[in-house]
Amino acid sequence: MHQASLTTTTVPQHIAVIMDGNRRWARQRGLPKAIGHASGAKRVRSLVEACSARGVRWLTLFAFSTENWKRPAEEVTSLMGLFLLYLQKEASDMHKKGVRLKIIGDRSAFDARLQALMANVEAMTADNSTITLTIAANYGGRWDMLQAVQAWQAAQPQPPVNVLTEDALQPYLSLADAPDPELLIRTGGESRISNFMLWQSAYTELYFTDALWPDFNSGSLDQALAWYAQRDRRFGGANATSPISELAAG
């Protein structure tokens, strides 16, 4: 059996990441939670660059879930301020590097200034094609499926919902223009997907690491990619269609 190595056939086109561990990272160092979140935000740029260099075309990050509003008000306010600052500071640099930036989730809960900034950075980077960075903010997988059904029904008011098919619903999901992620990474030592991309992750490989998000670097990414390259992706069938089987066949 050949040793798997990272090639264009083994690198997933779409990686999703649940960025967990910012608060524990800060607590271990005796620092405020806000510092942990800020350190995690700084990690995003290096991950985007590392993914782009390895041939990944779509990167989707879980920044703020619909459940995160339950956190203390001070922490939520800090996260919103950090999100605003991140978009202001990073969008121009990402645009120069050919990054397309998208935000998915229910924007209605954000203030008008943040909503306007989201729209502006999406419009500015809309024609970029090096890599698409999608940030999920006030997002939940259940919300995504529910809003998709509602949007389909609004566009198709006459047919009953029992004629709805998977293919018909697809265009109304938040990530309709991206392939389903082949690899989902969760940092921070937890082994669950926490209501993230439930529809899109039906056949996604799930990789859990103890590394806290601010410590997740390019070496950590390569470990996840090496793990992915060993997987047999059968999609419910009998024949493996995985990167490792392609390498072995070669």
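The values are calculated or read from the model by the stated rules, or taken from the named source; none is laboratory data. On a predicted model such as this, the values are computed, not experimentally measured, just so you know. Neighbour counts run over all protein chains shown; Cβ positions are idealised from the backbone, glycine included.
Numbers below:
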| item | result |
| --- | --- |
| Residue in the stretch 38-49 that is within 17 Å of GLU190 (Cβ to Cβ) and in contact with a helix residue (DSSP H, G or I) (Cβ under 9 Å, 6 or more places away or on another chain) present | yes |
| Selection status of ASP167, over 30 Å from ALA211 (Cβ atoms), modelled with pLDDT of 95 or more and not polar (S, T, N, Q) | yes |
| Residue identified as without any contact (Cβ under 8 Å) to a residue 40 or more places away in the chain and either in contact with a Phe, Trp or Tyr (Cβ under 8 Å, 6 or more places away or on another chain) or aromatic (Phe, Trp, Tyr) (or both) among ALA116, ALA151, ALA126 | ALA151 |
| Options GLU74, GLU49: the member that is among the charged types (D, E, K, R), assigned to a helix (DSSP H, G or I) and either surrounded by 17 or more Cβ atoms within 10 Å (Cβ to Cβ) or modelled with pLDDT under 85 (or both) | GLU74 |
| Only listed residue being part of a loop (DSSP other than H, G, I, E, B) and either more than 18 Å from THR134 (Cβ to Cβ) or in contact (Cβ under 8 Å) with a residue 24 or more places away in the chain (or both), chosen from GLY40, GLY36, GLY81, GLY30 | GLY30 |
| Qualifying residue in the stretch 55-65 (condition: assigned to a helix (DSSP H, G or I) and either touching a Gly at 6+ places or on another chain (Cβ under 7 Å) or not charged (D, E, K, R) (or both)) | no |
| Residue check, ALA112 within 30 Å of MET94 (Cα to Cα) and modelled with pLDDT of 95 or more | no |
| Within the stretch 204-223, tally of residues that are over 21 Å from SER46 (Cβ atoms) and out of contact with any Lys or Arg (no Cβ under 7 Å at 6 or more places or on another chain) | 2 |
| Filtered residues of the stretch 199-250 (kept if polar (S, T, N, Q), at pLDDT 95 or above and part of a loop (DSSP other than H, G, I, E, B)) | GLN200, SER201, THR204, THR209, ASN217 |
| Counted residues, the stretch 59-83 - those being farther than 21 Å from LYS42 by Cα and of a type in the set (Val, Ile, Thr) | 1 |
